[in-house]
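Working notes, beginning with the structure itself.
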Amino acid sequence: MVLKEDEEWSSSDVHSIASADTVRVDTSSSSQSSTESESSIGFRKKRPRLDAIKESDTLTDSREFVRGILRNRGDAILQEYELNGSLQDKTRRQMVNVLVAHMQETYGKHPKTGTKTKYAMGIVTLFPSLKDPFTSTGHEAFFDARSNTGFLAARIKNVNRTTDEKASIPKPSRTDGGPGKVREGTQQPAAGCSYDEDLNWLQHCPTLARDSSLVVEKMQSTFPVRQHMVKEGRTASDILEQFPCFETVPGLIEEDFRKMFPENHSRFLIKWPELKPRVVALARQLLKQNGNLTVMELLSSFDSSDQNKEGWNSGTSSILLLLCLLPPASQGRSKAASAKVSISSAISRIIQFQKSGGSIQDFLDGTKQTQSQPFLLGIGNSKACISSDLLIVDHKAIPCGARTVEGAVDELFKTHFVFGLHYCQSLHQFWTFIQTAVFEIDVGVSCESPRVRELRSKLFTP
């Protein structure tokens, strides 16, 4: 039975229920007599309106509402959570399917925002480990009213598509979060201030590599010039041509990022040691669920201390396991867009390897037709024994100031912001997670996928 549109819950109704933390259901005798009366004269019974629900005697809340649905249709889901304190991805998908089926049977094919919010609120109240600790309500992974996205909204769209009906769910709104955002208070060249002397020195001084402290001083003074170039949409090549010292003096990426985000610049290196074992533990669970070959190889490399092995070292493997938890997603409906990038291919867009003694220029020439987004080039005797890292940006090599893979990945992330570079599409979930969950930049502003929000709840919820 599909109810009339005016009988659904509005968004404001759900928010008022959430603040009271209760929902009343009419089970009074008057309701029973009214039902009998309607039945006797041939009227179809209508669902009680919200004001009647509020006035009833039986107290329930969104949690019990969802629990009641799952008891009837998915009791195994409740049992799994009670046993493990969490849900596997397969079980979470099953739960979403059950709840969406109930929602559409009750409220029609296109439920209102308030209805979807009620279900999402019930999920994270019933299953606290699924709650996102980085948002005010915690249920945005299942439904985000601001962008009309989440697991519930996606499932509704897919169900409607399979019935050959046009879904009325609007596409997620674009936001200004991330590397491309124009930020308030960004330093711009001061009116009447000349940077010519410092710019000329940085371009032509032959002692750049030997006088790094003076380079840093000149780079700090010309920081507004680079910010203005990014704001104008100038390419990384343009900026590197104007400031060739990036290619000779390590650590300049870090200096610019520190000026952009003075309170956030060190958060990856502080948080990763705590996150690392949690990521590896989740990857082991993932391996048990689907036996992914790439995950198996990375876990094997993580567990091995042999520097002569073929795989990456444990530090690199742990970071790449995070990518396995946020795999590339297909984009759009066209054949070209929907071609899903493999995890192994996505790994090559984060880091590649070259044996010591190889020609860097030959390597750069070989990437001109294949990859334009920044990535790391690890140089060493083997993948397990990297001696140095280079940042490859617009087919130019920038030395890393860091001496560990964690520091190199930290600089790689920051490169996007320093040069105003968009994330590689197949790595968008990976970098967005690091941006919002680790660096805590543009939280609530950037458009995050449900999978990013779900992983955040798994890694950060006690």
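The values are calculated or read from the model by the stated rules, or taken from the named source; none is laboratory data. The structure presented is a predicted model; accordingly, all values stated were derived computationally and were not measured. Cβ placement follows ideal geometry from the backbone for every residue including glycine, while neighbour counts extend to all protein chains displayed. These accessible areas exclude ligands, DNA and RNA; they are computed on the full protein's heavy atoms, side chains included. Shrake-Rupley method; radii C 1.70, N 1.55, O 1.52, S 1.80 Å.
Would you mind checking the pairs Lys383/Lys458; Lys288/Lys414; Lys112/Lys157 and listing those with alpha carbons more than 22 angstrom apart? Lys383/Lys458; Lys288/Lys414, as the Cα separations exceed 22 Å there. At the residue level, Arg453 shows approximately 10 square angstrom of accessible surface with a 1.4 angstrom probe and all protein chains present. Judged by the mean number of other Cβ atoms found within 10 Å, the most tightly packed of the peptides 397-409, 101-113, 231-243 leads the ranking 397-409, 101-113, 231-243.
Length gain on complete extension for the stretch Gln203 to Arg258, per 0.36 nm per residue less the alpha carbon to alpha carbon distance? Write out the running numbers ahead of the final one.
Values: separation 55, 0.36 × 55 = 19.80 nm, distance 2.27 nm.
Stretched out fully, the Gln203 to Arg258 stretch lengthens by 17.5 nm.
With the whole protein complex present, Ser372 retains an accessible surface near 80 Å², based on a 1.4 Å probe.
Using a simple spin-label model with pseudo-atoms 7 Å out from Cα toward Cβ, Lys181 and Leu269 lie 2.3 nm apart.
Of the peptides 131-138, 320-327, how do they stack up when ordered by the mean number of other Cβ atoms within 10 Å, highest first?
In descending order of packing, they fall as 320-327, 131-138.
Taken over the alpha carbons of region 355-400 as equal point scatterers, the Debye sum produces base-10 log I(q)/I(0) values at 0.15 Å⁻¹ of -0.35.
Ordering of 342-349, 218-225 by packing is 218-225, 342-349, highest average first (other Cβ atoms within 10 Å, averaged per residue). A straight chain from Ala76 to Gln88 at 0.36 nm per residue would run longer than the Cα-Cα distance by 3.1 nm. Multiplying the residue separation of Asp306 and Val216 by 0.36 nm and removing their Cα-Cα distance gives an extension gain of 28.5 nm. Label region 79-147 by shape, choosing from rounded, prolate and oblate, from the square roots a ≥ b ≥ c of the eigenvalues of the Cα gyration tensor; if a/c is under 1.5 it is rounded, and otherwise prolate applies when a/b is larger than b/c, oblate when it is not. The shape class here is oblate.
The spacing between region 406-462 and region 106-138, judged by their C-alpha centroids, is 23 Å. Counting heavy atoms of the protein chains alone, Lys458 has an accessible area of about 70 Å² for a 1.4 Å probe.
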